[in-house]
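The values are calculated or read from the model by the stated rules, or taken from the named source; none is laboratory data. Only a predicted model underlies this, so the values are computations on that prediction, with no experimental measurement involved. Here the Cβ positions follow ideal geometry from the backbone for every residue, glycine too, while neighbour counts run over all protein chains shown.
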Amino acid sequence: MTASLDKSAAADGFRTRWRRELAPLDGMVLTAAANPAADDLDDLLCLFHDLGCEADAAGDPEVAARAREVQDVLLDEGLSAGVDRILDATDWILHRLAPARATGAPGAASDRTFDIDLRSLDPETLRDFLEEADELLPEAEARLLALEQAPNEPSSLHAAFRAFHTLKGVAGFAGLAPVQALAHAAEHHLDRARRGEIVLTGDELNPALAATDALKRLVADVVLGLRGDGWLHVPGEVPTLAACLAPPAPTGGLVMLARGKERRRDAAIPATASAPIAAPPRAVQREAVRVSADRLDLLVDTIGELVITEAMIRRHFAPQQLPVEQQRNLERLGKLGRELQRIGLDVRLVPVRPVFQKMTRLVRDLAQKSGRDVELRTSGEETELDRSVVDLLTDPLIHLLRNAVDHGIEPDPATRVASGKPARATIGLRAYHEGGSIVLEVEDDGRGLDRAAILDKAIRRGLLPPGAQPATHEIHDLIFLPGFSTATQVTEVSGRGVGLDVVRRNLEELRGGMEIASEPGRGCRFRFRLPLTLAVIDGLLLGVGAETYIVPTLAVLRIVRPEPADIVRPFDADELLRLDGELIPLLRLRERFGIGAAVAGPARPVVLVIEGDGCRIGLVADELFGQQQVVIKGFDRPAGGVPGIAGGTILADGNVALILDAPGLVRSVRAHGERARAIPAGA
Amino acid sequence: METLARNTTVAAPGRYLGFRLGGETYGLDIGVVQEISGMLPVTRVPGAPTHVRGVVNLRGRVVPVVDLRSLFGMEAVPESRRTCLVVCRIETVAGTVVAAAVVDEVTDVLTIDVATTAPPADGATGSCVASLAQLGDRVVILLDAVRVFIGADGPGGTA
């Protein structure tokens with residue numbers, strides 16, 4: 001009894017282990033066949049010899065026979081000529097070794113392009129895999145990048161190794177052979193560093209990073225496959241994926257080579273190799289609880305409702321109508337509601353660390369590509385922001401960092417040394433809190449903005465009159481103008497200006513502001529300020545006719561109640577407000593929103609000067625009711641997507657008020673103004 | 001998965017929420033109906049299509065309201081005690097859309113045999129009609145919720 005149990009356990013162990021050993025073989029055989037090296041052949045021979053022996057021992061003579069057949073093919077025909085037969089045999093063996101539940105997909109197993117029927121896999125394990133991969137890959141990448149600063153530093157090295165190892169485990173568990181193979185190869189590469197065979201920096205680090213990227217793509221493909229037709233398609237790319245791991249040495253097919261050698265060591269310790277695979281969830285225990293974003297949003301929404309209901313009750317009763325005790329309870333209810341709201345918003349905050357990690361990688365790649373020696377120094381990764389803000393932050397940062405590396409930093413280190421700066425350039429990326437908002441800074445120690453070149457370009461493009469002497473900050477603002485970015489000459493002469501209008505646009509979406517400080521020859525600093533959250537804003541309540549609208553307070557520069565004489569209407573153009581010697585186009589909200597004269601407007605309406613896209617306009621409203629914090633609620637089609645409306649919010653009386661989209665309104669006025677001006681200009 | 005199953009029942013002999021607009025009976029697949037609500041104060045959205053009456057506060061959520069009378073070119077009538085909102089939840093590839101329709105009166109839940117339905121005559125009431133069903137001596141106009149609430153050009157456009 002005991003003996004037969006032992007035997008079946010041994011057979012299981014044999015099957016599991018060899019499934020893992022052979023899974024990556026397809027890609028490796030193909031790589032080796034395309035790039036034959038004598039070592040590869042030896043390694044393959046060893047591999048199949050071992051398989052044959054172990055299959056005999058495990059009581060599977062058919063597998064043993066197939067393994068010997070492969071050895072014969074290798075010896076008689078060589079790798080290149082026999083590749084098809086080797087792959088066929090491997091497929092057959094893999095299929096044979098597959099656990100019972102996988103037998104439903106023999107077609108998948110025999111398909112050489114590594115296509116996997118995701119529906120045949122256990123959905124639970126697959127979900128676990130995706131969740132793990134989501135954390136492990138950024139972790140691995142961050143650790144690898146840390147290694148560049150401190151080559152072969154043990155804690156980072158081990159952490160990166162562990163990340164790949166765990167990923168390999170969960171991928172194998174889920175039945176995703178290509179992921180498993182790649183993770184294994186990366187793990188092996190790191191293992192060589194652990195043993196001191198290589199130093200992980202520069203060219204030796206690249207394969208590991210490339211593997212991380214390839215793994216990310218594979219994981220993304222799994223997600224796409226799950227959403228789509230249920231298949232993971234890896235069409236013929238796996239050999240190159242495997243090849244991406246090979247250091248750029250003249251020994252093609254190096255993965256195969258390395259792998260075969262490593263296998264011989266692994267074979268001796270199968271038990272330790274498989275143990276961590278069974279326990280990946282425990283290996284990555286965290287103190288945090290994973291909650292789906294939807295449920296979090298629902299929580300915050302429900303809290304918002306509670307607060308509004310409380311406000312409605314309060315409006316209904318004058319406090320003195322109620323007994324003292326009830327007054328106190330109501331007071332307490334209100335306080336608890338506000339507290340809950342604060343906590344709810346807090347819960348949605350996440351650290352900017354993942355974004356910063358991404359940027360570290362980006363700068364490294366950019367620097368390498370452009371041949372500059374750049375170090376990115378980050379600080380304040382712990383700074384927390386609303387999830388939605390973090391998502392929108394990535395693009396502007398990429399643009400700014402790309403600009404800093406490509407244009408800000410001197411291409412030639414000698415120039416830097418000559419001007420008394422260290423040869424290695426530094427780019428700082430910082431996040432910190434300041435007065436209720438978050439500040440992000442991108443600072444480089446490069447050339448700084450070339451004001452003369454920018455001014456020259458602006459004048460030649462007709463953006464400024466000849467001989468204009470704008471203030472420094474006005475010159476800096478020019479680089480954010482759409483179209484200025486494509487001005488190649490400025491880019492060549494002074495740098496900056498590639499896609500910076502996109503940065504501004506994104507920041508406006510985030511309701512943030514930006515400042516530039518630049519010192520020629522010393523460097524340049526972009527500093528932007530963002531609200532803590534996009535879910536709650538400070539808004540000014542405006543009365544327009546009988547309706548109430550909200551303007552985000554951050555967008556408002558000034559509020560004035562001008563004398564009628566200060567409003568001028570040039571022939572055939574928009575009304576303008578004369579304010580401190582400046583003429584500001586006016587947008588009458590009554591007209592814009594089609595509010596008739598049924599409710600008479602006041603004789604002296606209120607004007608809010610708002611800014612967007614670097615331009616100012618004045619919004620004309622009837623009345624200003626005051627300022628309050630509002631929770632932004634988007635709404636869908638069919639009412640959504642209307643220009644000039646950013647969303648809605650629920651007021652204390654339970655009614656919905658619309659929130660105005662300041663940049664959108666500015667753009668519409670500007671477009672209108674440009675059309676009006678175009679006529680005299682063309683005539 | 002659950003929602004997929006729900007939406008595929010549209011063509012099967014199904015249950016529809018019946019409601020009245022003027023003299024006609026209409027039906028919306030019960031699978032997309034989230035709830036029926038009494039009339040709520042509507043905030044107009046300037047610039048939205050004319051058949052969109054505005055948005056309402058549905059328990060803390062801002063929900064667009066479609067005026068079916070306006071959509072079908074019928075004359076407006078004053079609200080009565082029976083006027084109400086049929087709130088629908090439509091799952092699309094791009095996400096979930098929650099929107100409501102103003103109806104004169106909700107009647108009952110109709111069980112309709114798919115064999116009794118016929119496609120609408122060309123051009124009848126625009127493209128929002130999925131089919132016409134015979135129920136006893138009544139003709140029920142079954143609406144295509146996606147076209148009513150999202151439009152022919154698919155989902156998108158959020159504020």
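Tabulated data for the structure shown
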{"quantity": "Test for B:Leu28: is it away from chain A (no Cβ under 14 Å), among the hydrophobic types (A, V, I, L, M, F, W, C) and in contact with a Gly (Cβ under 6 Å, 6 or more places away or on another chain)", "calculated": "no"}
{"quantity": "Of all residues making up the range A:564-594, the number that are more than 19 Å from A:Arg616 (Cβ to Cβ) and away from chain B (no Cβ under 14 Å)", "calculated": "4"}
{"quantity": "Residues within the range A:650-667 that are without any contact (Cβ under 8 Å) to a residue 40 or more places away in the chain and more than 10 Å from every other protein chain (Cβ to nearest Cβ), tallied", "calculated": "0"}
{"quantity": "The lone exception for A:Pro36 - which of (1) loosely packed, with under 14 Cβ neighbours inside 10 Å; (2) at pLDDT below 70; (3) not in a helix (DSSP H, G or I); (4) not β-branched (Val, Ile, Thr) it fails", "calculated": "(1)"}
{"quantity": "Verdict on A:Ala174 being farther than 22 Å from A:Arg361 by Cβ, in contact (Cβ under 8 Å) with a residue 24 or more places away in the chain and crowded, with 23+ Cβ neighbours inside 10 Å", "calculated": "yes"}
{"quantity": "Any hit, the range A:596-604, residues being within 21 Å of A:Glu508 (Cβ to Cβ) and either not aromatic (Phe, Trp, Tyr) or not in a loop (DSSP other than H, G, I, E, B) (or both)", "calculated": "no"}
{"quantity": "Any hit, the range A:614-627, residues being under 35 Å from the mean Cα position of the chain (by Cα), surrounded by 15 or more Cβ atoms within 10 Å (Cβ to Cβ) and within 14 Å of chain B (Cβ to nearest Cβ)", "calculated": "no"}
{"quantity": "Tabulated pairs, the range A:571-587, first touching a residue at least 40 places away in the same chain (Cβ under 8 Å), second among the hydroxyl-bearing types (Ser, Thr, Tyr) and surrounded by 12 or more Cβ atoms within 10 Å (Cβ to Cβ), C-beta under 9 angstrom, 6+ apart or interchain", "calculated": "A:Leu587/A:Ser668"}
{"quantity": "Subset tally (residues that are assigned to a helix (DSSP H, G or I), at pLDDT 70 or above and among the small types (Gly, Ala, Ser)) for the range A:280-319", "calculated": "3"}
{"quantity": "A:Glu515, sole failed condition from (1) of a type in the set (D, E, K, R); (2) at pLDDT below 90; (3) over 30 Å from A:Ala423 (Cβ atoms)", "calculated": "(3)"}
{"quantity": "Residues (within 14 Å of another protein chain (Cβ to nearest Cβ) and crowded, with 16+ Cβ neighbours inside 10 Å) located in the range A:307-358", "calculated": "A:Val307, A:Ile308, A:Glu310, A:Ala311, A:Gly337, A:Leu340, A:Gln341, A:Gly344"}
{"quantity": "Every residue from the range A:202-258 that is part of a helix (DSSP H, G or I), modelled with pLDDT under 50 and of a type in the set (A, V, I, L, M)", "calculated": "A:Val238, A:Leu241, A:Ala242, A:Leu254, A:Val255, A:Met256, A:Leu257, A:Ala258"}
{"quantity": "Meets criteria (in contact with a strand residue (DSSP E or B) (Cβ under 6 Å, 6 or more places away or on another chain), within 14 Å of chain B (Cβ to nearest Cβ) and surrounded by fewer than 18 Cβ atoms within 10 Å (Cβ to Cβ)) for A:Gly634", "calculated": "yes"}
{"quantity": "Residue count, the range A:634-645 (criterion: free of Cβ contacts under 8 Å to residues at least 40 places away in the same chain and in contact with a helix residue (DSSP H, G or I) (Cβ under 9 Å, 6 or more places away or on another chain))", "calculated": "5"}
{"quantity": "Residue in the range B:24-44 that is of a type in the set (Gly, Ala, Ser), closer than 16 Å to B:Arg147 by Cα and over 13 Å from the mean Cα position of the chain (by Cα) present", "calculated": "no"}
{"quantity": "Leading residue by the ranking (nearest to A:Ile645 (Cα to Cα)) among those in the range B:31-43 that are in a loop (DSSP other than H, G, I, E, B) and more than 7 Å from every other protein chain (Cβ to nearest Cβ)", "calculated": "B:Val42"}
{"quantity": "Candidate set: the range A:426-454, residues that are under 35 Å from the mean Cα position of the chain (by Cα) and assigned to a helix (DSSP H, G or I); chosen: the one surrounded by the most Cβ atoms within 10 Å (Cβ to Cβ)", "calculated": "A:Ile454"}
{"quantity": "Residue match in the range A:77-85 (condition: outside any helix (DSSP H, G or I) and at pLDDT 75 or above)", "calculated": "yes"}
{"quantity": "Residue selected from the range A:518-558 under the condition among the small types (Gly, Ala, Ser) and closer than 24 Å to A:Val631 by Cβ, by the criterion farthest from the chain's Cα centre (by Cα)", "calculated": "A:Ala546"}
{"quantity": "Residues located in the range A:620-656, provided they are in a strand (DSSP E or B) and among the charged types (D, E, K, R)", "calculated": "A:Glu623, A:Lys633"}
{"quantity": "Residue within the range A:640-649 that is more than 7 Å from every other protein chain (Cβ to nearest Cβ) and of a type outside the set (Gly, Ala, Ser) present", "calculated": "yes"}
